[in-house]
Every structure is written in structure tokens, then in C-alpha cells.
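The values are calculated or read from the model by the stated rules, or taken from the named source; none is laboratory data. Note that the structure is a prediction, hence the values are computed from the model and not measured. Cβ sites come from the backbone with ideal geometry, for glycine too, and all protein chains shown count toward neighbours.
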Amino acid sequence: MSAAAAAPPPARAGGPRTLVVKVGGSLVSDKRTDDHLDTAAIHAYAALVADLVRTFPGRTVFVAGGGALGHGAVRDLDAADGFAALDLTRATFAVKWAWTAAFREAGIRALPLQVAAMCTDQRSGAVADLTVVRRLLAEGVLPVLSGDCILTADGSLRIYGSDHVPGMLVDGSLGPVRIVTLTDVPGILTGTGPDGPVLPWVSPDDTASAHALVWETAPWDTSDAMRGKVDALAAHARRGAECVITRGDRASASLHHLLAPMDRWPADVPHTLISRTRPASLPHPRTAPPPSDPGITSARS
Ligand SMILES: Nc1ncnc2c1ncn2[C@@H]1O[C@H](COP(=O)(O)OP(=O)(O)O)[C@@H](O)[C@H]1O
Ligand SMILES: [Mg+2]
């Protein structure tokens with residue numbers, strides 16, 4: 001066993017034990033196509049994640065968004081064919097491989113894992129075997145996951161999208177778990193501009209405020225964009241994860257804050273937190289402005 005396995009670094013107070021970081025396809029591909037992958041962007045993000053893994057070994061799991069290849073594989077599926085989603089496993093493996101090659105070039109050990117081989121639906125819901133993930137983390141190796149198709153209880157395949165995959169890591173053996181989805185917007189925007197204010201916090205038990213702000217999904221998106229992300233992350237948060245939506249910046253200096261307590265994140269990183277724990281920095285509901293006050297009260301950040 002490696003040194004990382006013998007003495008895993010303790011999580012800092014208020015920070016997670018394990019970080020699941022998902023880089024959205026929107027950051028590394030043009031999803032209006034079926035096959036675009038921006039390798040320069042992948043290399044830039046891979047270098048940032050590699051630095052995180054070198055600094056905090058054994059604490060990060062990577063999830064690759066499917067982007068153009070993922071969405072392209074599941075458009076126009078034949079509803080009569082229970083195995084129609086099979087092409088997704090090939091498409092997302094190509095994406096995982098692009099990331100894995102970039103991690104190797106960035107100097108860290110990374111291993112792509114097929115979610116379909118680790119996770120199936122049972123009558124009680126999706127069940128995952130995390131034995132290999134735990135071993136990889138213990139050795140300081142970065143597990144590289146992606147969306148996939150998984151076997152259902154009735155023997156067909158269903159799509160298990162990359163916003164859902166982090167949920168399989170929400171397990172006592174890895175917790176506390178933080179899930180950060182890096183995407184092309186700074187959080188759930190409360191207005192129409194891409195740089196406007198975002199909802200600072202969403203209760204996973206009441207997502208109505210978030211749903212009300214989500215605009216119509218583009219026709220080429222097969223995972224319902226922000227609405228799909230909110231619903232997936234709320235489900236993970238109800239199982240105990242701390243979930244964050246924030247914008248990815250391939251030119252940023254570091255991703256170290258992703259493992260820091262939320263109240264120590266840089267002030268200039270807008271984000272939406274989806275967690276059962278309400279941030280202490282938010283005004284208590286009783287001190288919120290009276291109803292006559294115009295504007296969205298939860299939009300202050
Ligand atoms: N209120 C909102 N705030 C931010 N983004 C929104 C909102 N409503 C819809 N969206 C859409 O969600 C997109 C992010 O989701 P998505 O494209 O699936 O990203 P990813 O590739 O990271 O999964 C944004 O680019 C935007 O088009
Ligand atoms: Mg998406």
C-alpha cells in the first residue's frame with residue numbers, strides 16, 4: 001500500500017473527506033454536434049485536477065460529462081429496443097479515454113471505470129460496488145467515471161447520466177462527500193444574463209425556487225440541462241452530499257478551494273449550494289425583507 005493508503009489525510013473541519021468533481025460537457029465540447037471534443041480544454045482542466053490530486057492524494061473522484069458524444073449517442077433511441085442505450089457506453093468511454101490520456105500527460109495516475117460494470121438497478125434503486133474506487137483512492141490513483149447505460153431490474157438498459165453518477169459515491173465509506181459540478185454558468189442564474197446573480201442556496205427538500213428559474217432546454221440536450229442537474233443534485237443532497245454548481249474556468253490558478261470548507265471559498269467564485277445545511281452567511285428567513293420588497297430575496301450572494 002502507498003503512503004496515501006496508510007495515512008489518508010483527515011478532512012479539514014467543515015470540508016469534505018471526498019470530492020467528486022464533474023466537468024460538464026458544455027466546457028469541453030460543442031453539444032450542438034454529435035462528436036466534438038475540445039482536447040485543449042480537456043488538457044487545461046486535467047492539469048488543474050491533476051494539481052488537486054497531487055496536493056490532496058486519494059480524495060478526488062472525477063466524472064466526465066458526456067458532451068456532444070454522450071448526447072449524440074442517445075438521441076432518437078428506439079423505444080422498442082431495451083438495449084438501445086448500449087452505444088452510450090462506447091461513446092462515454094471515448095470521452096473517459098480522452099480525459100485519462102490528459103491526466104497521464106499531466107503526470108498523475110488515472111484509471112477509467114465503466115459505471116455499467118459497477119452499478120445496476122435493483123428493486124430498491126441503483127446499487128454500486130465501490131470496492132475498486134476505494135482501492136484506487138487508497139493508492140492515490142484518480143478514478144475517472146462518466147455517464148453510462150446501466151442494467152435495470154427488468155434486464156434492459158437505461159441511461160444513467162453524468163449528473164446522476166456522483167450519487168453512487170455518496171457512501172459512508174467515502175463521506176462526507178462534496179459534489180462539485182463545473183459548468184458553463186456560475187450557478188442557477190436568477191436573471192437572464194450569464195453573469196447575473198445566482199441562487200446562493202437551494203434546499204434539496206424544496207426545489208421549487210430553483211425550478212422556477214430554469215429556462216427552456218435546448219432541443220439537442222438529452223439530460224434536461226440545468227433542470228436535470230438540479231434534480232440529480234437535490235437527490236444526492238437528500239442522501240447527505242453537499243452539492244455545488246459553479247462555473248469552470250480552464251484558466252483559473254487552482255481548484256484547491258473545492259476541498260475547503262464552503263465559508264473559506266474565495267469571495268469571487270459565485271456558486272449555488274444544494275445541501276440540507278443552510279449556509280450560516282445567509283440571512284435567516286425571519287430576517288428576510290417583507291413580501292412587499294421587490295426582487296428575488298434568495299438571489300443575494
Ligand atoms: N436559471 C438558469 N441558470 C443557469 N443556467 C440555466 C438556467 N436555466 C437553464 N440553464 C441552462 O443550463 C445550462 C447548463 O447545463 P448543461 O448545458 O447541461 O451543462 P453541463 O454540460 O455542464 O451539464 C446552461 O448553459 C443554461 O443554458
Ligand atoms: Mg448537462
Say whether the condition of being under 20 Å from the mean Cα position of the chain (by Cα) and of a type in the set (Phe, Trp, Tyr) is met by at least one residue in the stretch 75-84.
-> no
Quickly run through the stretch 195-210 and pick out the residues that are more than 16 Å from ligand 2 (Cβ to nearest atom) and either β-branched (Val, Ile, Thr) or in contact (Cβ under 8 Å) with a residue 12 or more places away in the chain (or both).
-> PRO197, VAL198, LEU199, PRO200, TRP201, VAL202, SER203, PRO204, ASP205, THR207, SER209
Residue count, the stretch 27-62, condition under 25 Å from ASP87 (Cα atoms), modelled with pLDDT of 95 or more and among the hydroxyl-bearing types (Ser, Thr, Tyr), comes to 2
Number of the condition not met by GLY196 [criteria: (1) touching a strand residue (DSSP E or B) at 6+ places or on another chain (Cβ under 8 Å); (2) modelled with pLDDT of 95 or more; (3) part of a loop (DSSP other than H, G, I, E, B)] = (2)
Checked against (1) in contact with a strand residue (DSSP E or B) (Cβ under 6 Å, 6 or more places away or on another chain); (2) more than 24 Å from LEU69 (Cβ to Cβ); (3) within 14 Å of ligand 2 (Cβ to nearest atom), ILE274 satisfies every condition except (3)
Considering each of ALA84, ALA94, ALA101 in turn, give the residue that is surrounded by fewer than 23 Cβ atoms within 10 Å (Cβ to Cβ), within 18 Å of LYS31 (Cβ to Cβ) and at pLDDT 95 or above.
-> ALA94
Out of the residues in the stretch 207-219 that are more than 10 Å from ligand 1 (Cβ to nearest atom) and not polar (S, T, N, Q), which is modelled with the lowest pLDDT?
-> PRO219
Is it true that some residue in the stretch 237-248 is assigned to a loop (DSSP other than H, G, I, E, B), buried (at least 22 other Cβ atoms within 10 Å of the Cβ) and more than 12 Å from the chain's Cα centre (by Cα)?
-> no
Taking the stretch 201-231 and keeping only residues that are assigned to a helix (DSSP H, G or I) and touching a helix residue (DSSP H, G or I) at 6+ places or on another chain (Cβ under 7 Å), one is left with SER209, ALA210, HIS211, ARG227, VAL230
Among the residues of the stretch 156-179, is any touching a Phe, Trp or Tyr at 6+ places or on another chain (Cβ under 6 Å), buried (at least 18 other Cβ atoms within 10 Å of the Cβ) and outside any loop (DSSP other than H, G, I, E, B)?
-> yes
Name the residues in the stretch 82-101 that are more than 19 Å from VAL49 (Cα to Cα) and of a type in the set (D, E, K, R), would you?
-> ASP87, ARG90
Helices (runs of 4 or more DSSP H) (entirely within the stretch 42-141) containing at least 2 residues that are touching a strand residue (DSSP E or B) at 6+ places or on another chain (Cβ under 8 Å), under 21 Å from PRO16 (Cβ atoms) and of a type outside the set (Gly, Ala, Ser) | 131-138
Looking at the stretch 104-150, which of its residues are at pLDDT below 95 and surrounded by fewer than 16 Cβ atoms within 10 Å (Cβ to Cβ)?
-> GLN122, ARG123, SER124, GLY125, VAL127
Output for the stretch 180-202, where each listed residue is of a type in the set (Gly, Ala, Ser) and surrounded by fewer than 17 Cβ atoms within 10 Å (Cβ to Cβ) | GLY191, GLY193, GLY196
